[in-house]
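The values are calculated or read from the model by the stated rules, or taken from the named source; none is laboratory data. None of these values were measured; they are calculated from a predicted model. Glycine also receives a Cβ, built like all others from the backbone with ideal geometry; neighbour counts cover every protein chain displayed. Accessible surface is based on the protein model in full, side chains and every heavy atom, while ligands, DNA and RNA are left aside. Shrake-Rupley method; radii C 1.70, N 1.55, O 1.52, S 1.80 Å.
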Amino acid sequence: MTSATASLRPHREPARAQPRGRAARATADAIYRQLLTALAISVFVVMVLIVYETARGAMPSIRAYGWGFLVSTDWDPVAEKFGALPYIFGTLVTSALALTLAIPPCLGAAVFLAELAAARVGSALSFVIELLASIPSIVYGIWGLFVLAPFLRSTVEPLLIARLGFLPLFRGFPFGIGILNAGLVLAIMVSPTIVSLSREILLATPRGLREAALALGATRAEGIGVTLGAARPGILGAVILALGRALGETMAVTMVIGNTNRISASLLAPGSTMASVIANEFTEATSTLYLAALCEIALVLFAITLVLNAAARLLIYWATGGRRDVAGVA
């Protein structure tokens, strides 16, 4: 009996230890889940606090002007008359111009790097393009002010006025500083985001789609078209991120846009954005109403960014038919 009992002991100890190990793992998993949940909630809480503080600071302006603040073009700190329409217009126009100029060449570059270039060449060029994203925005602003502006003023804008001056978009005087310059600088700044993400999405697209298209007799260009169709939702996501960068960019745009509160149909005219007016005038806001007007502009910028991102998400949802198993959509 003694030897039988001794022979059973080594088998009983692991049986007792196993439930303890499972309980410890379950406890660790529960703690890990709670930690991640707390971190996710903290992001939402921080966003709510930012909106709350901004809305609290903008409350005097909201009470004074109401909805008229959004459609007024007045901006006179001495008389305390404020309106955000020129800055809303400048923000939307420069962002739209940046995406219009950036999307076609960036998608072409992404297709070349993912589909046509050799693996080593694609990796090397992608690394160089990604380096552009690490350049501070103030450097882009200095380049736009001292290099791009003289070139636009002496060469590009006179040519646009001479050839396309019959269009309202290209009328005026060639300043070199204005909405066109800001749009070009923003287009360069958002290009690394679009190229890098689009390339990764194209590489993540199932290779079977390309091979199936080629097996059915498609040309290489048609096969690339099939890949682009499958990667469309992910590419839209990359464009959304680029749009967010363009809407919120401050220093580079401030240096090259001209900073006037006028609305003009010409891309050659100076303008201003919501971010640039806050950067320019926040330190000069001495009165309570002046500071509240700038806070309300910040609140409007947040609202526009939120609405545009929500609309883009709905576009992605529509493009994918509600599916989440599409390349590039998490």
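Pairs please, first residue from the range 162-179 and closer than 29 Å to I142 by Cβ and among the charged types (D, E, K, R), second anywhere and surrounded by 12 or more Cβ atoms within 10 Å (Cβ to Cβ) and at pLDDT below 90, Cβ atoms under 7 Å, 6+ apart in sequence or on different chains.
Here the result reads R171/G165, each pair linking the range 162-179 to a residue that is surrounded by 12 or more Cβ atoms within 10 Å (Cβ to Cβ) and at pLDDT below 90.
Tally time: how many residues in the range 152-181 are surrounded by 14 or more Cβ atoms within 10 Å (Cβ to Cβ) and either among the aromatic types (F, W, Y) or part of a loop (DSSP other than H, G, I, E, B) (or both)?
The qualifying residues number 9.
Would a scan of the range 100-116 turn up a residue that is at pLDDT below 90 and either over 26 Å from the mean Cα position of the chain (by Cα) or exposed (fewer than 14 other Cβ atoms within 10 Å of the Cβ) (or both)?
Within the range 100-116, one or more residues are at pLDDT below 90 and either over 26 Å from the mean Cα position of the chain (by Cα) or exposed (fewer than 14 other Cβ atoms within 10 Å of the Cβ) (or both).
Pairs, please: C-beta under 6 Å, at least 6 apart or cross-chain, first residue on the phi < 0 side of the Ramachandran plot and in the range 81-101, second open to solvent by 60 Å² or more (accessible area, probe 1.4 Å)?
Once the first residue is on the phi < 0 side of the Ramachandran plot and sits in the range 81-101, its partners that are open to solvent by 60 Å² or more (accessible area, probe 1.4 Å) give K81/D74; G83/T73; G83/D74; L85/V71; L85/T73; P86/T73; P86/I263; F89/I263.
Is there a residue being open to solvent by less than 30 Å² (accessible area, probe 1.4 Å), polar (S, T, N, Q) and under 19 Å from S191 (Cβ atoms) anywhere in the range 50-61?
No, the range 50-61 has no match at all.
Would the range 231-243 turn up any residue that is assigned to a helix (DSSP H, G or I) and closer than 30 Å to L159 by Cα?
Yes, some residue in the range 231-243 is assigned to a helix (DSSP H, G or I) and closer than 30 Å to L159 by Cα.
Just give me the residues in the range 49-98 being among the hydrophobic types (A, V, I, L, M, F, W, C), under 16 Å from N261 (Cβ atoms) and in contact with a Phe, Trp or Tyr (Cβ under 9 Å, 6 or more places away or on another chain), in sequence order.
Across the range 49-98, the qualifying residues are F69, W75, F82, A84, L85.
Would a scan of the range 289-304 turn up a residue that is part of a loop (DSSP other than H, G, I, E, B), at pLDDT below 95 and under 19 Å from the mean Cα position of the chain (by Cα)?
No, the conditions are met nowhere in the range 289-304.
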